[in-house]
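The values are calculated or read from the model by the stated rules, or taken from the named source; none is laboratory data. Every value quoted in this text rests on a predicted model; they were computed, and no experiment measured them. Virtual Cβ from ideal backbone geometry, glycine too; neighbours counted across all protein chains shown. Ligands, DNA and RNA are excluded from the accessible area calculation, which covers all protein heavy atoms including side chains. Shrake-Rupley method; radii C 1.70, N 1.55, O 1.52, S 1.80 Å.
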Amino acid sequence: MRDTEPQTAGGKVLWHFTMSLDGFVAGPEHAMDWMSGITNRDGLIDEYVETTGAVLGGRVGWDMFPDPSMTYGGAWQGPLFVLTHHPEDAQPVDGVTFLDCDVAEAVRIGLEAAAGKNLEVLSPSIGSQLLERGLIDEIDLHIAPILLGDGIWLHHAPGGTPIRLSLVNGDDPTAEVNLRYRPVASG
């Protein structure tokens, strides 16, 4: 299996996360300290900085990290939308728009602001809702070599129906992906 092709700016709704091997995109209480010491391939961040036109996130994540300059370590600048049921109690921040609307309307607003580039969805709950409605064009995951055991799942839908995916970076779109890791001795 080959690595994915570089990300392109095609006006996609892109659900994008670094995820632990056991499926968590954040630790308990949205903790992100588990990502320290994890590396990615050269140029990866630049691909997303160049192809992202707007970002859509949720209120819980925003309240944990209320700084738009944190997106890609401050390398990305652009419109950031936070979907919330309570925009009236949100602290105004330059470049951030708090939306109280249906997720499909939030996507429409975000894609318009992205101006032909991608709308990145950086929320597990919003991404799940969009996926269930058929509004996600692509899921881009970077699997970190760590097992968290607890935290915020990428997609948590008890009682939901399975959502089949098509593998983009391989000859067989139905192929499973093989990963091989070894535990690192602590000490």
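Taking each residue of segment 34-61 that is under 15 Å from Q7 (Cβ atoms) and looking for partners that are aromatic (F, W, Y) and in a loop (DSSP other than H, G, I, E, B) with beta-carbon atoms closer than 7 Å, six or more apart or interchain, yields V49/W76; T52/W76. Selection of segment 94-143 for residues being within 29 Å of D3 (Cβ to Cβ) and among the charged types (D, E, K, R) yields K117, E120, E132, D137, E138, D140. Please give the number of the condition S128 fails out of (1) open to solvent by 60 Å² or more (accessible area, probe 1.4 Å); (2) closer than 18 Å to V103 by Cα. Only one criterion in (1) open to solvent by 60 Å² or more (accessible area, probe 1.4 Å); (2) closer than 18 Å to V103 by Cα is unmet by S128, namely (1). Of everything listed in (1) acidic (D, E); (2) surrounded by fewer than 19 Cβ atoms within 10 Å (Cβ to Cβ); (3) modelled with pLDDT of 95 or more, the single unmet condition for E120 is (2). Evaluation of R108 against the conditions (1) among the basic types (K, R); (2) within 26 Å of I38 (Cα to Cα); (3) at pLDDT 95 or above shows that the sole unmet condition is (2). Screening A114, A106 for residues that are under 24 Å from T51 (Cα atoms), touching a residue at least 60 places away in the same chain (Cβ under 8 Å), out of contact with any Cys (no Cβ under 7 Å at 6 or more places or on another chain) and crowded, with 20+ Cβ neighbours inside 10 Å leaves exactly one candidate, A114.
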